[in-house]
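Only one structure is covered here, and it is reproduced in the block below.
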Amino acid sequence: MRKISIVLFLTCSSMLLAGCGGKSGNANQTNANSNTAANSNANANTQAQSTPLPEFSDPETAFAEGNKLFDANKTELAIEAYNQAVKMNPDFADAWFQLGVSYALIEKQKEIESMNEEVEATPTPTPTKSKSKTKKDAPVVRTKDSEKAFEKAVTAYKKIIAKNAKDDAAFYNLGRAYNKLDEDEDAEKALRQAVKLQPEDTRYQTELGAILNKLAKYDEAMKALKKALEIDPENSAAEELLDKAEAGKKRVSFGVTPKPAQTTDDGPVKSKPTKTGDDTEMPSTTSTPEKEVTKPGATKPAAKPESKPDKKMDKKGNP
């Protein structure tokens with residue numbers, strides 16, 4: 001009887017162990033399958049993100065594809081396409097310009113992210129070293145990719161204008177490129193030429209008004225922006241810029257220092273200051289008799305003898 005009990009105990013134990021082992025194996029297999037699926041999805045997403053653009057056969061196709069990607073907010077891919085375009089055609093001005101715009105967006109995004117990180121990490125600002133003075137005529141050093149692209153655009157647009165001085169679009173885009181580089185005076189010159197060649201283009205008038213606002217030439221800006229609205233009454237950008245120009249003009253008008261009041265011929269004449277004993281000039285409030293002034297080189301008149309009372313004289317003239 002005792003042997004039978006031992007046999008039954010061993011049999012039940014082996015069955016329990018086999019059941020547990022089967023469940024553990026199934027669980028491990030399920031986890032392995034889940035991990036494999038997750039890894040495959042992650043790899044697929046990574047592969048989709050890192051898929052390079054195809055090599056385009058001509059710069060125009062690359063530029064067109066870059067514009068599509070830019071409009072779809074795929075800025076980094078657009079940069080790759082524009083880079084292909086300018087690599088095949090280094091004088092592709094529009095591609096250089098769009099490349100600059102794309103780089104500027106990425107740089108702005110990174111700048112915002114960096115500022116947010118600094119605010120969270122270091123709430124207390126750290127003292128910064130004073131910037132060293134630079135010469136006014138020192139050449140500007142461009143460090144950002146956007147600035148370098150806009151400089152290339154300026155060079156390319158100048159080449160177009162050299163071949164055709166009546167290309168209003170080239171002058172317009174040249175002005176925009178200068179504006180991106182904060183070279184406002186050159187931007188104004190280029191945009192004025194674009195407006196001169198094509199005065200009925202509302203975009204040209206609007207861009208000219210914007211740069212004139214930037215230069216605080218509010219009267220001229222208002223003139224250009226009113227012309228832009230005359231051409232296209234639905235031009236919301238020109239309308240907004242016109243409001244800014246009018247506000248700027250008011251600020252300048254209120255900030256003008258009044259001229260000192262000028263005396264008129266029929267008004268009272270202010271009294272001249274006279275000297276006191278301590279050589280401090282004080283305004284005179286009472287009239288004083290004028291002293292005789294001797295001009296240089298003139299002889300001083302002889303003093304009059306004092307008059308004495310008459311004495312009686314005798315016939316001989318003796319007192």
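The numbers here are math on the coordinates, done by the rules we state, and not lab data. Please read these numbers as outputs of a predicted model, since none were measured by experiment. As a convention, Cβ positions derive from the backbone with ideal geometry for all residues, glycine included, and neighbour counts pool all protein chains shown.
With each label modelled as a point 7 angstrom along the Cα→C-beta vector, the Glu185-Lys250 pair spans 3.2 nm.
Among the listed pairs Lys87/Lys108; Lys166/Lys249; Lys68/Lys108; Lys87/Lys158, those whose Cα-Cα separation exceeds 29 Å are Lys166/Lys249. Only one residue of Leu181, Ala216, Asn235 has its Cα farthest out toward the positive end of the dipole of the range 165-255, where Lys and Arg carry +1 and Asp and Glu -1 on Cβ, and that residue is Ala216.
So for Asp201, Asp58, fewest C-beta neighbours within 10 Å to most, what's the order? Walk me through the intermediate numbers first.
On the way: Asp201 18, Asp58 12.
Sorted ascending by nearby Cβ count, the order is Asp58, Asp201.
Packing-based ranking of 175-181, 162-168 yields 175-181, 162-168, ordered from highest to lowest mean Cβ neighbour count within 10 Å.
With both labels modelled 7 Å from their Cα along Cα-to-Cβ, the Arg142 to Thr61 distance reads 2.9 nm.
In this structure, the pairs whose alpha-carbon distance is over 19 Å, taken from Lys74/Lys214; Lys159/Lys189; Lys196/Lys250, are Lys74/Lys214; Lys196/Lys250.
Size descriptors for the range 165-255, from the alpha-carbon set: Rg then Dmax equal 12.6, 42 Å.
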